[in-house]
Amino acid sequence: MTEKLVVQFDQLPVYDSPLDYLAYCMGCNTYHMTDQKPCIKCGKADVSVSLECIAEKTVKRHFLNGMGILVMLHALMFVVSMSWIAILLGTVYTIVCIVLYGGIYLRYKEAYCKKELEKHVRANSQRIKLDLEKQWEECKEQINKGDYLGAYEKLRYLSQLVDNEEIRVYKLVCLNHFHLRKDLPLELKTVLLPDCNMLLIRYIYEVAKLKKELIDEATINYILRYRQQVLTEEKGEEIVASVLGGALRSKFLLNKYALALKEYLPYLPKERLLRLRKIQDGISDEALREEIISQIATLVGEE
């Protein structure tokens, strides 16, 4: 059996938009993930900017161009004016226009930037796609070379923009090479698959032992959907029981999965059984509740 790697994951930043994970290198005119500094293509540092920054600069340039037009119009008026009164009125008019224009810019700057960002992405969508595909190929090469941690860190960023089944499978390949710990920022919802995958089943089991709070309804449904395949695994019953134990976090989940949980009570640790008895009123079916409580009493050695 391959020895698992002891790793420490980088903290993945949380942004308002998935596009915030994408950066543009002004050195080689390519797009890459924000974690890649210096640029992996040209090797230059401090030349990458976020797409939001590009949008802001474009909006600012449009604003300054508008200001320039107002100033030029004022200068033209100054040349053609026949009296100082006309110049004075024209100056007041120009100042009012500049103030109003500046106010409109400040008030709607965020909306303008968002619109410009969307415009930039649409105009460069093909190039962005090609650059991301290159990075995806680099991740696969890293995995083939055994650099699972480096590949996984890249995949975490890449999956913020491109989330598909293939990327999730490769993330699972990496995760199953790590010695998982409770202090690691583990993910689960973002690696679930539509079909049965033994790597995913094993990973779910590890997460269920370390972080019960990550076990949600979708995860429980996945394990129950492929229960027959799970039971072919070593400790298959314990895997199902451990995941079903995640239902004890809420009375809603307990009531929904009480019948399935009853079947795997012998595989639950004592503290989980005592937890179940404590929140037994979450089971709406009285007969089922009594049957579970009776079975728990037998398992914990009570009369």
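The values are calculated or read from the model by the stated rules, or taken from the named source; none is laboratory data. Computed from a prediction, not measured in an experiment: that's the story for all the values here. When we count neighbours, we look across all protein chains shown, and the Cβ atoms used for this are built from the backbone with ideal geometry, even at glycine.
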- Message: Give all pairs with beta carbons closer than 9 Å in which a residue from segment 54-73 that is outside any helix (DSSP H, G or I) meets a residue that is at pLDDT 90 or above and not polar (S, T, N, Q); count only pairs at least 6 apart in sequence or on separate chains.
- Response: none
- Could you please find all residues in segment 252-283 being polar (S, T, N, Q) and touching a Gly at 6+ places or on another chain (Cβ under 8 Å)? Asn255
- Query: Which residue pairs have Cβ atoms closer than 7 Å, lie 6 or more positions apart in sequence or on different chains, and pair a first residue in segment 163-186 that is over 23 Å from Leu132 (Cβ atoms) with a second residue that is buried (at least 20 other Cβ atoms within 10 Å of the Cβ) and among the aliphatic types (A, V, I, L, M)?
  - Reply: Leu186/Val207
- Task: Test Met77 against the stated conditions and say whether it is in the same structural domain as Val121 (by TED's automatic domain parsing) and under 26 Å from Glu110 (Cβ atoms).
- Result: no
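Just checking, how many residues over segment 232-259 are in a helix (DSSP H, G or I) and over 16 Å from Glu271 (Cβ atoms)?
So in segment 232-259, the residues in a helix (DSSP H, G or I) come out as 236-249, 251-259.
So of that shortlist, the ones also over 16 Å from Glu271 (Cβ atoms) come out as 236-237, 239-240, 243, 251-253, 255-259.
The total comes to 13.
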- Message: Suppose the filter is part of a helix (DSSP H, G or I), outside the structural domain of Leu192 (by TED's automatic domain parsing), touching a residue at least 24 places away in the same chain (Cβ under 8 Å) and crowded, with 20+ Cβ neighbours inside 10 Å; does Glu153 pass it?
- Response: yes
- Query: So which residues in segment 278-292 are in a helix (DSSP H, G or I) and surrounded by 14 or more Cβ atoms within 10 Å (Cβ to Cβ), if there are any at all?
  - Reply: Gln280, Gly282, Leu288, Arg289, Glu291, Ile292
- Query: Looking only at segment 76-124, which residues are basic (Lys, Arg) and surrounded by 13 or more Cβ atoms within 10 Å (Cβ to Cβ)?
  - Reply: Lys109, Lys114, Lys115
